[in-house]
Amino acid sequence: MAAIVFDRGKGMSHSLKKELVSVFDKIDVDVSEKNRIVIQSRKEAVLAVLSFLKNNGYSHLGIISCVDWIQEKAFELVYILSAYMKDNKTYTENEKINILVKTRIPREKPVFLSVIPIFENAEPYEREIHELFGIHFEGHPRLIPLFLERKYKIPPFRKDFDTRKYVKKTFESIPGIEEHKSTRAQEHKSIRAQEHKSTRAQEHKSTRAQEHKSTRAQEHKSTRAQEHKSTRA
């Protein structure tokens, strides 16, 4: 596709809108806000729209976001693009623009194509959305956990995830500070009691051993005395 020609009379946003509408069917382009273009696209055309924008200078994928429209039974994916600065001192008209590409997919068993072939840095964003919203991205090389340490029946960023219920179920069983201190004190007391009991047992055993040793010595001494007396007689 040919690069967009900047029309100074209408501005870059209007020129880009005109180009997009001429290339893609059933696409809605909103340029009502300064330096912002919002594109509503059918899910089937999203990858083509992103490729088109990248080829026309919007080669920075800032982030991928997701909105849960629970009443409408849909998820909305939002791809935010911009152009890299060529001069570190000043922005061109093109570089001032942020583009939001939006599309909706069914909330039930949500699946969408990965955009990693177009933007490699989409990899962690898609993993995050998969983990927090439960959207599966076909073609993603490793949809493994990114942030969460445990599995959830309902992904935690969905609107039907009951945060209070989860917190109550998960954390109410964890003792408070005072309860924890009391438990630790009881454990410490029990350990000290066991140690004391063990020490007393050792002392008793040692005493018995000494007594036994002394008795044996006395018996041995008495026996020797008797033998000596008998020999003298």
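The values are calculated or read from the model by the stated rules, or taken from the named source; none is laboratory data. The model shown is predicted, which means the values in this text are computed figures rather than measured ones. FYI the Cβ positions are ideal-geometry reconstructions off the backbone, even for glycines, and counts take in every protein chain you see.
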(message) If I ask for residues that are under 20 Å from the mean Cα position of the chain (by Cα), in contact (Cβ under 8 Å) with a residue 60 or more places away in the chain and either surrounded by fewer than 18 Cβ atoms within 10 Å (Cβ to Cβ) or not assigned by TED's automatic domain parsing to the domain that holds residue 74 (or both), which ones from the range 99-127 would you list?
(response) 121
(message) Looking at the range 20-41 only, could you name the residues that are touching a residue at least 24 places away in the same chain (Cβ under 8 Å) and part of a helix (DSSP H, G or I)?
(response) 20, 23
(request) Name, by its number, the condition in (1) over 14 Å from residue 112 (Cα atoms); (2) out of contact with any Asp or Glu (no Cβ under 8 Å at 6 or more places or on another chain); (3) aliphatic (A, V, I, L, M); (4) buried (at least 16 other Cβ atoms within 10 Å of the Cβ) that does not hold for residue 63. (result) (4)
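Would it be correct to say that residue 96 is surrounded by fewer than 18 Cβ atoms within 10 Å (Cβ to Cβ), in contact (Cβ under 8 Å) with a residue 60 or more places away in the chain, more than 24 Å from the chain's Cα centre (by Cα) and more than 27 Å from residue 134 (Cα to Cα)?
yes
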(request) Filter the range 68-77 for residues that are surrounded by 15 or more Cβ atoms within 10 Å (Cβ to Cβ) and among the hydrophobic types (A, V, I, L, M, F, W, C) and give the result. (result) 74, 75, 77
(request) May I ask you to verify whether residue 144 is more than 24 Å from residue 74 (Cβ to Cβ) and touching a helix residue (DSSP H, G or I) at 6+ places or on another chain (Cβ under 9 Å)? (result) yes
